[in-house]
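First the structure, in the form of structure tokens, and then the observations on it.
The values are calculated or read from the model by the stated rules, or taken from the named source; none is laboratory data. Quick caveat: nothing in here was measured; it's all calculated off a predicted structure. No Cβ is skipped: glycine too gets one built from the backbone with ideal geometry, and neighbour counts run over all protein chains shown.
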Amino acid sequence: MKAFPIAAILAASLLILSPAPTTAKDASTQLRLPPAAAAALAGIDAERMRAHVRFLADDLLEGRGPGLRGGDIAARYIATQFEQLGLKPAGDEGTYYQRIHFKGVHTLPATTASVQPDNGAAVQLKLGEDYVTSNQTQTGAVELDAPIVFVGYGIDAPEYGWNDYQGIDVKGKVVLVIVNEPPSKDVKFFNGEALTYYGRWVYKFEQAARQGALGALIIHRTDLASYGWDVVRNSWSIEQVYLRDDKDPKLQAASWVQMDIARRLFVDSGLELEEMIEAAGRRGFKARELPLRFKARLVSTVRDFVSSNVLAILPGAQAGAAKQAVVYSAHYDHLGIDPTLKGDQIYNGAVDNATGCGILMELAHAFATAAVKPSHPVLFAAVTAEEKGLLGSNFLGKHLPVDPAQIALGLNYDAILPQGVPQSVNVTGAERTTFYPTVRNTAKAFHFEIQPDAEPGAGHYYRSDHFSLARTGVPAFSINTGSTFAGQPREWGKALHEQYTEKNYHRPSDEYTPQMDFTGNVMMAQFGFALGWQALSAKGSVGWLPGDEFEAARLRSAKAR
């Protein structure tokens with residue numbers, strides 16, 4: 001596909017700028033929203049949103065690293081906005097802050113690693129270039145010298161009759177594992193082409209640790225991971241963060257390796273990488289120990305720190321306990337500063353995710369200033385440490401200020417590119433809930449086409465903070481623009497997303513610019529407001545469709561009430 005120069009795309013977006021969206025009033029009428037809700041929806045403002053994004057993405061905030069000065073400033077800023085709106089604090093001890101204790105582990109350049117074949121010279125690995133790694137056990141130094149076991153995709157999924165660890169003991173060893181999951185077009189087998197949680201790198205490390213492995217080496221392949229090696233390198237070259245009091249098993253070396261390095265390891269084992277990957281995707285695959293040992297000395301700085309989720313609540317007008325609350329969420333953290341970079345060292349995170357925070361604060365403004373309050377509570381959650389593995393929302397899901405059984409819906413915003421007037425919306429995961437007919441009708445009222453996930457193999461549903469709520473049983477999904485925009489060819493939006501991923505995602509270049517057009521962000525906020533108001537006003541709550549992977553958690557939370 002032809003690439004669009006970014007300057008030309010931005011210029012084109014300026015040409016199609018229009019006044020405030022004309023669909024808001026029509027949508028409210030079609031959805032039969034009460035006048036107070038319609039007025040609040042129409043009042044969602046692009047310039048307030050712009051001001052939030054501009055501040056949160058400023059160099060002053062130093063990339064909003066969790067537990068660091070810039071991250072704390074961002075949290076204070078968001079809490080102040082909530083307080084000015086008169087929202088009630090929903091954090092610890094009557095504050096807006098839900099304090100979370102973390103440990104930060106930064107792998108130092110003194111770290112060394114190599115792979116020693118039974119026969120031949122050792123393969124010396126260059127940190128950052130050939131591999132990245134982190135010591136999840138949160139100690140200053142650790143040494144490994146352990147056999148390598150190839151475990152295919154490293155998945156134990158009994159519901160699919162699949163166990164890559166069957167028949168092999170990996171205790172005290174290092175597993176070599178493929179990112180993603182066995183290829184399939186059958187929706188009953190690993191959900192077909194749509195990635196499940198089993199394909200996520202987080203799961204690979206979790207399962208390897210549960211099996212007693214000392215370390216794991218995930219083989220990176222761009223098409224399977226859905227992002228290039230530079231994204232892995234940038235994300236893992238900075239401090240990794242873990243929940244301090246988490247008792248789950250941990251790896252001494254949670255690592256990724258470049259595809260070319262993995263290929264050489266298989267060659268040294270008398271095997272061919274592509275053939276082994278193909279074999280690992282078929283039933284009957286057997287894990288095997290390779291004639292290789294992984295030798296490494298990980299040296300890290302370790303720091304204890306506190307970072308907070310920022311929580312505010314609008315109490316419902318209906319007396320008594322919450323029955324069908326709604327949660328809006330967005331993460332405020334980003335990657336901080338990397339002093340090893342040449343030139344710009346600040347990961348400003350304007351799109352990822354100052355934009356989501358801007359929408360969150362505008363939604364808070366809309367609900368707080370509405371002339372009539374909804375029947376049930378609305379919780380606004382700006383969460384921390386998303387970039388470290390959804391840690392803030394993970395903690396929130398386990399410590400919700402509202403019983404998860406009494407939450408009808410969770411709506412999340414993450415990385416909304418400020419561009420043009422969208423004609424489509426992405427709500428991947430909504431189709432798994434009983435709320436989907438309302439989502440479909442609301443999209444129709446806004447003249448949005450609901451677009452399926454353009455990259456189902458990337459597993460986007462499991463990569464943002466709504467997933468942490470879904471794991472507790474709360475029906476939750478993220479809202480984002482699709483790829484079609486008014487006045488533009490269909491490939492325009494896709495090209496812009498691809499360019500953002502290639503040029504700006506998890507890079508210091510993700511910065512605020514005055515040319516950003518927040519028209520679409522306003523429309524996404526209005527769409528989410530309408531969905532939330534309808535969930536709050538519905539006669540019954542929302543659930544997962546029968547047989548969904550999160551249905552059991554929903555049923556458990558309901559029984560626990």
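Within the range 148-168, being farther than 28 Å from Asp118 by Cβ and part of a strand (DSSP E or B) holds for Asp156, Ala157, Trp162.
Would you call Asn191 without any contact (Cβ under 8 Å) to a residue 12 or more places away in the chain and surrounded by 15 or more Cβ atoms within 10 Å (Cβ to Cβ)? Show your work before the answer.
On the way: without any contact (Cβ under 8 Å) to a residue 12 or more places away in the chain: yes; surrounded by 15 or more Cβ atoms within 10 Å (Cβ to Cβ): yes.
Considered against the rule, which asks whether it is without any contact (Cβ under 8 Å) to a residue 12 or more places away in the chain and surrounded by 15 or more Cβ atoms within 10 Å (Cβ to Cβ), Asn191 comes out as yes.
Would you mind listing the strands (runs of 3 or more DSSP E) fully within the range 62-128 where at least 2 residues are surrounded by 23 or more Cβ atoms within 10 Å (Cβ to Cβ)? Give the derivation first.
Working: elements: 97-107, 112-117, 123-125.
Here the list reads 97-107, 112-117.
Within the span defined as the range 317-329, every residue fails to be closer than 24 Å to Tyr96 by Cβ, touching a Lys or Arg at 6+ places or on another chain (Cβ under 8 Å), hydrophobic (A, V, I, L, M, F, W, C) and crowded, with 24+ Cβ neighbours inside 10 Å.
Among the residues of the range 496-509, is any in the same structural domain as Asp59 (by TED's automatic domain parsing) and crowded, with 24+ Cβ neighbours inside 10 Å?
no
If only one of Leu127, Leu144 is free of Cβ contacts under 8 Å to residues at least 24 places away in the same chain and closer than 26 Å to Leu243 by Cβ, which one is it? The conditions single out Leu127. Sub-8 Å Cβ pairs linking a first residue in the range 443-463 that is in the same structural domain as Thr433 (by TED's automatic domain parsing) to a second residue that is assigned to a loop (DSSP other than H, G, I, E, B) and surrounded by fewer than 17 Cβ atoms within 10 Å (Cβ to Cβ), at least 6 apart or interchain, are Pro456/Gly192; Pro456/Glu193; Gly457/Glu193, ordered by first then second residue.
Applying a threshold of 7 Å to beta carbon distances and a minimum spacing of six or more residues, or different chains, the list of pairs starting in the range 547-561 at a residue that is modelled with pLDDT of 80 or more and ending at one that is hydroxyl-bearing (Ser, Thr, Tyr) and surrounded by 15 or more Cβ atoms within 10 Å (Cβ to Cβ) reads Ala553/Thr472; Ser557/Thr472.
For the condition surrounded by fewer than 19 Cβ atoms within 10 Å (Cβ to Cβ) and within 16 Å of Asp130 (Cα to Cα), Gly212 does not qualify.
Let's see how each residue does on (1) assigned by TED's automatic domain parsing to the domain that holds His220; (2) free of Cβ contacts under 8 Å to residues at least 60 places away in the same chain; (3) of a type in the set (Val, Ile, Thr); (4) over 30 Å from Ala122 (Cβ atoms):
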{"residue": "Glu274", "(1), (2), (3), (4)": "yes, yes, no, no"}
{"residue": "Ala287", "(1), (2), (3), (4)": "yes, no, no, no"}
{"residue": "Leu290", "(1), (2), (3), (4)": "yes, no, no, no"}
{"residue": "Ser308", "(1), (2), (3), (4)": "no, no, no, yes"}
{"residue": "Val326", "(1), (2), (3), (4)": "no, no, yes, yes"}
{"residue": "Ala330", "(1), (2), (3), (4)": "no, no, no, yes"}
{"residue": "Pro339", "(1), (2), (3), (4)": "no, yes, no, yes"}
{"residue": "Asn348", "(1), (2), (3), (4)": "no, no, no, yes"}
{"residue": "Gly358", "(1), (2), (3), (4)": "no, no, no, yes"}
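Yes or no: Ser464 within 30 Å of Glu511 (Cβ to Cβ) and either buried (at least 23 other Cβ atoms within 10 Å of the Cβ) or touching a Pro at 6+ places or on another chain (Cβ under 6 Å) (or both)? Against the criterion (within 30 Å of Glu511 (Cβ to Cβ) and either buried (at least 23 other Cβ atoms within 10 Å of the Cβ) or touching a Pro at 6+ places or on another chain (Cβ under 6 Å) (or both)), Ser464 qualifies.
Going by the structure shown, is Ala415 at positive phi and not β-branched (Val, Ile, Thr)? It would help to see each step written out before you state the result.
Working: at positive phi: yes; not β-branched (Val, Ile, Thr): yes.
When the stated conditions are applied, Ala415 passes them.
For the range 204-231, taking the residues that are polar (S, T, N, Q) and in a helix (DSSP H, G or I), the one that is modelled with the lowest pLDDT is identified as Thr222.
Being more than 26 Å from Leu555 (Cβ to Cβ) and touching a residue at least 12 places away in the same chain (Cβ under 8 Å) narrows it down to one residue among Leu409, Leu417, Leu379, Leu390; which is it?
After applying the criteria, what remains is Leu417.
Here Gly392 meets each of (1) of a type outside the set (Phe, Trp, Tyr); (2) more than 22 Å from Val232 (Cα to Cα); (3) modelled with pLDDT of 95 or more with one exception, condition (2).
This table checks each residue for (1) closer than 24 Å to Pro158 by Cβ; (2) among the β-branched types (Val, Ile, Thr); (3) crowded, with 20+ Cβ neighbours inside 10 Å.
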residue: Asp223; (1), (2), (3): no, no, no
residue: Ser237; (1), (2), (3): no, no, no
residue: Gln258; (1), (2), (3): no, no, yes
residue: Ala287; (1), (2), (3): yes, no, yes
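I need the strands (runs of 3 or more DSSP E) fully contained in the range 248-361, keeping only those with at least 2 residues that are touching a His at 6+ places or on another chain (Cβ under 9 Å), modelled with pLDDT of 95 or more and of a type in the set (Ser, Thr, Tyr).
Details: elements: 253-257, 288-314, 325-331.
Filter on the range 248-361 gives 288-314.
Please determine whether any residue of the range 109-120 is in contact with a Gly (Cβ under 9 Å, 6 or more places away or on another chain), in the same structural domain as Leu396 (by TED's automatic domain parsing) and closer than 16 Å to Glu239 by Cβ. The answer is no, given that none of the residues of the range 109-120 is in contact with a Gly (Cβ under 9 Å, 6 or more places away or on another chain), in the same structural domain as Leu396 (by TED's automatic domain parsing) and closer than 16 Å to Glu239 by Cβ.
The single residue among Ala405, Ala325 that is touching a helix residue (DSSP H, G or I) at 6+ places or on another chain (Cβ under 7 Å) and either among the basic types (Lys, Arg) or over 23 Å from Gly86 (Cα atoms) (or both) turns out to be Ala405.
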